[in-house]
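Here the structure is laid out as structure tokens; the discussion comes afterwards.
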Protein chains: 2
Amino acid sequence: MIVGESEMAEVNDLPGEQGSERISEAEHAVMEALWEKNPLTAAEVCEQVCDRRGWSMPTVKTLLSRLVAKGAIATEPDGRRFLYRPLLARTAYLGGESRRLVDRLFGGRAAPLFAHLAETEALTDDDIAEIERLLRELRK
Amino acid sequence: MIVGESEMAEVNDLPGEQGSERISEAEHAVMEALWEKNPLTAAEVCEQVCDRRGWSMPTVKTLLSRLVAKGAIATEPDGRRFLYRPLLARTAYLGGESRRLVDRLFGGRAAPLFAHLAETEALTDDDIAEIERLLRELRK
DNA sequence: AGCCTTCGACTACATCTGTAAACATTAAGT
DNA sequence: ACTTAATGTTTACAGATGTAGTCGAAGGCT
């Protein structure tokens, strides 16, 4: 079963899309770490997330690999290890996810989502104040 | 107002939570059909969604079974077949999903989500007007 | 020059999801 | 009664996901 393998795998396969693949929740946690500060080594990413999520290094490694495969992050060699940095901007990710939710659940309209948040008391006073401020700004 | 259905879940609650299991996207499509009109037979659900999603009856059957297993819908025998009706209210589902998104991506604060929608021009004028109206209502 | 540590790569594996076929049952028509 | 069409149940299977172990190369240490 353990097939001897000496070939070097292409890390650079599909050049097609860069940010198109869906990012899972666990992967997202890794992305957050990288968005907060980058580039980071795998060990540094682990420092940021392993405790919080109860993960071990291998898990982080896997997630990093998958993110690289998905084109969400890039690696650059730093001596013998890699530094990871995001390719996908946090803004783009948030925007995409938000839009997906709004499209899927609220027919693409943001107002019903807002109404729901309000209803379920997911809106703090601060939120409301902030949103009013944003609205005024939009009005300009 | 969006104040939704009552909850009439009680018949057979698994030991644990009742609406707690996550509902997948495909399952959600089935739920939408049932929320729109219920109770429905499996065949009727299929009529509602199979074309739109390119599904076959077996697929719908599977999804219905899984939804039953998750406690999101209930069956009642109608002759030899079953009628399906939602146990999980649409309102609750939407609220839950919205909150999940807000928690996961925006640190539980709705304002940043709102800011994002605004920024990415995902807010129509109608949305803005509607939200202002909702805000005024909240202020009361 | 070897041994140990450190990393990335590869492999593993259970669960969930999407999608569906095979099977069993049973009402219904003939 | 016997076949058939409808309907729920069981099983299947590939791909994604969560989580992690193993392997082999590269450097560092003695």
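How many residues are in a loop (DSSP other than H, G, I, E, B) and within 18 Å of B:Arg104 (Cα to Cα) if we restrict to segment A:26-54?
The initial filter retains those residues of segment A:26-54 that are in a loop (DSSP other than H, G, I, E, B), namely A:37-39, A:41, A:54.
Cutting the leftovers down to within 18 Å of B:Arg104 (Cα to Cα) gives us A:54.
The qualifying residues number 1.
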Inset, instruction - Please state which one of A:Glu47, A:Glu36 is touching a strand residue (DSSP E or B) at 6+ places or on another chain (Cβ under 9 Å) and modelled with pLDDT of 85 or more. - result: A:Glu47
Legend entry - The listed residue being within 14 Å of DNA strand C (Cβ to nearest atom), open to solvent by 80 Å² or more (accessible area, probe 1.4 Å) and either touching a Gly at 6+ places or on another chain (Cβ under 6 Å) or more than 8 Å from every other protein chain (Cβ to nearest Cβ) (or both), out of A:Arg66, A:Arg52: A:Arg66
Inset, instruction - Tally the residues that are touching a residue at least 60 places away in the same chain (Cβ under 8 Å), open to solvent by 30 Å² or more (accessible area, probe 1.4 Å) and not small (Gly, Ala, Ser), restricting the search to segment B:89-104. - result: 2
Inset, instruction - Name every residue in segment B:105-125 that is open to solvent by 20 Å² or more (accessible area, probe 1.4 Å), more than 7 Å from every other protein chain (Cβ to nearest Cβ) and farther than 14 Å from A:Thr120 by Cα, in order of residue number. - result: B:Gly107, B:Pro112, B:Glu119, B:Glu121, B:Thr124, B:Asp125
Inset, instruction - Look at segment B:69-78 and say how many of its residues are assigned to a strand (DSSP E or B) and either basic (Lys, Arg) or open to solvent by 10 Å² or more (accessible area, probe 1.4 Å) (or both). - result: 5
Inset, instruction - Give just the number: which of (1) within 9 Å of chain A (Cβ to nearest Cβ); (2) away from DNA strand C (no atom under 16 Å from the Cβ); (3) in contact (Cβ under 8 Å) with a residue 60 or more places away in the chain does B:Ala74 not satisfy? - result: (1)
Legend entry - Odd one out for A:Gly96 among (1) within 16 Å of DNA strand D (Cβ to nearest atom); (2) part of a helix (DSSP H, G or I); (3) touching a helix residue (DSSP H, G or I) at 6+ places or on another chain (Cβ under 9 Å): (3)
Inset, instruction - State yes or no: is A:Leu123 part of a loop (DSSP other than H, G, I, E, B), touching a helix residue (DSSP H, G or I) at 6+ places or on another chain (Cβ under 7 Å) and closer than 30 Å to B:Arg139 by Cα? - result: yes
Legend entry - Index of the failed condition, A:Ala129 passing every other in (1) within 30 Å of B:Arg53 (Cα to Cα); (2) among the aliphatic types (A, V, I, L, M); (3) more than 7 Å from chain B (Cβ to nearest Cβ): (1)
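The values are calculated or read from the model by the stated rules, or taken from the named source; none is laboratory data. The structure presented is a predicted model; accordingly, all values stated were derived computationally and were not measured. Here Cβ is always computed from backbone atoms with ideal geometry, including for glycine, and neighbour counts include all displayed protein chains. Just so you know, the surface numbers come from the protein's heavy atoms only, side chains and all, with ligands and any DNA or RNA stripped out. Shrake-Rupley method; radii C 1.70, N 1.55, O 1.52, S 1.80 Å.
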